[in-house]
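Participant: Just passing along the structure, written as structure tokens.
The values are calculated or read from the model by the stated rules, or taken from the named source; none is laboratory data. Note that the structure is predicted; figures quoted are calculated from it, not measured. Here the Cβ is made from the backbone with ideal geometry for all residues, glycine too, and neighbour counts use every protein chain on show. Each accessible area value is taken on the protein alone, full model and side chains, heavy atoms only, with ligands, DNA and RNA left out. Shrake-Rupley method; radii C 1.70, N 1.55, O 1.52, S 1.80 Å.
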Amino acid sequence: RSPAIMRSTLYLLIFVAFLASTLAKIRDPYDILGIKRKADAQDIKKAYKKLAKEWHPDKNPSPEAEPKFIEINQAYELLMDPERRRLYDTTGQTEEQPNFRKQHDYSSYRRFDPFDDIFSTFGGSFRFNFKHGDGTNIYKKQSITYKSYQNSIIALSKKQPYLILFYSDWCIACAHIEPIWRRLDEELQPINFGMATVHAGREIELAKKLGVKTVPYLVMLLDGHPYHYTDASLSMVSSLDFIRSKFPNKLVHRITEENLESFLGGWMDNRVRVLIFGRLDIIRLRYLTVGWEFRERAVIGYVQMDRADTDSIRARYSVSNKVDTLLVFHEDMHTPVASVAMTDLPYATMKDIIEGNKFLVLPRLSSQSVFDALCPVETVRSRRRLCVVLVTQDDPAHDPSRAALREYATGDQARERDRVRYTYLFREKQVEFMNALTAGLGSPVEPNHHIVILWRKDQNHLKYEWLEEGWEVEPDKHNTSREALKAAIQRLLHSNQPMPFETVVQELFDEHAQGIVWRIINKLVSVQDYLRDNVTQDDLLPAVSILVTVAFIIAGGYVMSYLVKLEEERVGNSASTFIDHNGKVTPQPQLRVHELRGETYNGLVRMLKPGCRTIVMLCDSESKAKLMPKFHKACWPYRKNKTLMFAFLNVERVSAMEWYKRILVLGLPEPRDLNINPKNTLGTVIALNGHRKYYCLFHAKHPETVFGPVRSGISGDFMGFSDNESESDSDVEVGDKRKDSAA
């Protein structure tokens, strides 16, 4: 047989075996999971997780692992579905068996398109044609690309949660979970979930961006942030639990008698309040999605009706406990502005009710999005829309002015709501916007408690008009203010009279934007979620090792710099002293002077870097206390020079004199034996360059050589060139000499 035919036959056998295992009647699900028939949901989950970890094909190399894992998953799904479990307990039937309410013909699924290419090797006369009931593969129908993800899906996820499933060809597990994905699509799309699939083999860049390493792989996208499904297997119940857990905790608040007043009275955040009355003890997923879509304009509260601490709430608003009810509140917590009661609240109905009442009676211009929604652009003067803005401050003393305008807006003027909107703003928060409005000649000196009427001609240009008098709240002046406002609005609505002032405004400051601290915290939480979802235990140990190493290096460097700083402070604050053989203490300037001896010779001479030199003074124990202060004083101006080091050589040491004699001999034109008197070397200074191997020798001249005739044997005595212990005869006569040597 040819290799191509053998490969085709092998693929066919694998596929037939898979279909056979899928279509086979599953055994008793209780025996499969090893639980009793009275087991509750927690027992089922516990048993399932234990078996799933043991038999997962990625972790268990046994050939029986895959069919066993599929069987465990089917049993788990059956027992976690109350209706299917009841049917099995009473009739013994499962969804995979005949006569079930929803027959799933697994043979109709077109799971592996590459079979078409394989069997085309037979001349095209033999093909599988697996198709779904709707005539198309749901994976291909919902497939997206990296470009569509970047350009549209991320933006849509700000209002609409998205589920993204990564799949590939020749993926048996992907084919197995296709019915689950279909059921998720049927359940979630009607409640505003976006459903998308990605072919991981074709969209490698997108898979890499989201950290997808295997298929099938499920990701939930909320506001552009991906959340990864990490369970060992995918089922309807576990996927819904995963979805519910990723919504923010306070997206829907649980309301009781204790927190009802604070919930309804919190509208100063510029958001309406929505109460949903339900009979379930869990918050339904559709309530979470409607809360996510309107989270910027509404706060959702859930009241569970079968609790004792919510009976007074139902009685207060006359809510029936037989149907689910939705109430929308504005500033008045006693009377809802909209309500709907149904046996099962559809998502579309809730959306329409909240959308029509998502702004307070007197909303605040708190962001550019609110400004665009309340004061839309209208270029035609005859159809211009007016925005009545009351200028206030975030101060309870300004509440009466806002309450008076709110009352005016809810009165007879409501009929003009399609062309007139009443709002207010906080002057101290919208500084740039107020500067643009008060720059004209007609603006009041003190704009607080004044009303300005706006007409937006385009995104940034607007015309405006200030009311001549302020917005008064005293009873004797309030009517005058109301009449003046009414007259101005009617004049601008029903005539083509131009507005007197025009200005250019920038975007409004977003009062609801998170501060930098919260943004940093949210970013850290996002990083933590990403690491938790993408970093395995095998990757964790090297990462932790690197982090610990870096932290140790940083901490060690900090400790070393701190110790160096302490040492510098200690040296700077301490007084350096020298003690002579008589015990006399002499304070000295601060300069670090080393002793040149065998242990320090390498560091001070031989290992010097290029350009560095060591200045050495010769002394003995008796002259050290007298000569060292002068040496310090002479070297003090150069203490910060990093190319210089300072030392002294004790000539009482035999090795010291031998070294000194050697460098002197190397500096003479011809080698000769020298008998050096150590006393005659005291005060001699040598500048050593260990890298270039040369030295400079210095000793001050005796006064006799400066002020009088030179006496034989005197001028060279300071170099130690004498033949006896007395200071009589001298071999060399030198005043100030430089000796170059290869020493």
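Okay, residues lined up against (1) open to solvent by 40 Å² or more (accessible area, probe 1.4 Å); (2) among the charged types (D, E, K, R); (3) closer than 19 Å to R86 by Cβ; (4) touching a Phe, Trp or Tyr at 6+ places or on another chain (Cβ under 6 Å):
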| residue | (1), (2), (3), (4) |
| --- | --- |
| I35 | no, no, yes, no |
| K38 | yes, yes, yes, no |
| Q42 | yes, no, yes, no |
| K46 | yes, yes, no, no |
| P63 | yes, no, no, no |
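Participant: Name the single residue that is most open to solvent (accessible area, probe 1.4 Å) among those in segment 247-268 being within 31 Å of the chain's Cα centre (by Cα) and among the charged types (D, E, K, R).
Facilitator: Restricting attention to segment 247-268, the residues satisfying the condition of being within 31 Å of the chain's Cα centre (by Cα) are 247-254, 263, 266-268.
Narrowing further to those that are among the charged types (D, E, K, R): 250, 254.
Values: K250: 154, R254: 110 Å².
Per the criteria, the residue is K250.
Participant: If you don't mind, there's one more thing I want to ask. Is at least one residue of segment 208-224 in a helix (DSSP H, G or I), surrounded by fewer than 18 Cβ atoms within 10 Å (Cβ to Cβ) and either over 27 Å from the mean Cα position of the chain (by Cα) or touching a residue at least 40 places away in the same chain (Cβ under 8 Å) (or both)?
Facilitator: Yes, there is a match, as at least one residue in segment 208-224 is in a helix (DSSP H, G or I), surrounded by fewer than 18 Cβ atoms within 10 Å (Cβ to Cβ) and either over 27 Å from the mean Cα position of the chain (by Cα) or touching a residue at least 40 places away in the same chain (Cβ under 8 Å) (or both).
Participant: What residue, of R273, R295, is open to solvent by 10 Å² or more (accessible area, probe 1.4 Å), at pLDDT 95 or above and not in a helix (DSSP H, G or I)?
Facilitator: None of the others qualify; the one that does is R273.
Participant: Tell me yes or no: at least one residue of segment 394-406 is crowded, with 16+ Cβ neighbours inside 10 Å and in contact with a Lys or Arg (Cβ under 8 Å, 6 or more places away or on another chain).
Facilitator: No, every residue in segment 394-406 fails to be crowded, with 16+ Cβ neighbours inside 10 Å and in contact with a Lys or Arg (Cβ under 8 Å, 6 or more places away or on another chain).
Participant: Does at least one position in segment 300-322 carry a residue that is assigned to a strand (DSSP E or B), open to solvent by less than 10 Å² (accessible area, probe 1.4 Å) and hydrophobic (A, V, I, L, M, F, W, C)?
Facilitator: yes
Participant: Mind checking which strands (runs of 3 or more DSSP E) fall wholly inside segment 413-518 and carry at least 2 residues that are surrounded by fewer than 19 Cβ atoms within 10 Å (Cβ to Cβ), modelled with pLDDT of 85 or more and touching an Asp or Glu at 6+ places or on another chain (Cβ under 9 Å)?
Facilitator: 461-466
Participant: Here are D352, D372, D399: which of them is in a helix (DSSP H, G or I), without any contact (Cβ under 8 Å) to a residue 12 or more places away in the chain, over 22 Å from E296 (Cα atoms) and among the acidic types (D, E)?
Facilitator: Numbers: D352 fails: over 22 Å from E296 (Cα atoms); D372 fails: over 22 Å from E296 (Cα atoms).
After applying the criteria, what remains is D399.
Participant: For segment 230-246, enumerate the residues that are buried (at least 19 other Cβ atoms within 10 Å of the Cβ) and in contact with a strand residue (DSSP E or B) (Cβ under 9 Å, 6 or more places away or on another chain).
Facilitator: L234, S239, I243
Participant: Wholly within segment 540-631, which strands (runs of 3 or more DSSP E) include no fewer than the required count, namely at least 2 residues that are of a type in the set (A, V, I, L, M, F, W, C) and either at pLDDT 90 or above or open to solvent by 90 Å² or more (accessible area, probe 1.4 Å) (or both)? Reasoning before the result, please.
Facilitator: Values: elements: 576-579, 585-588, 613-619.
Those strands (runs of 3 or more DSSP E) span 613-619.
Participant: Scanning segment 156-198 for residues that are of a type in the set (F, W, Y) and in a loop (DSSP other than H, G, I, E, B), which turns out least open to solvent (accessible area, probe 1.4 Å)?
Facilitator: This residue is F193.
Participant: Which residue out of R606, R653 is among the basic types (K, R) and under 17 Å from R692 (Cβ atoms)?
Facilitator: The unique qualifying residue is R606.
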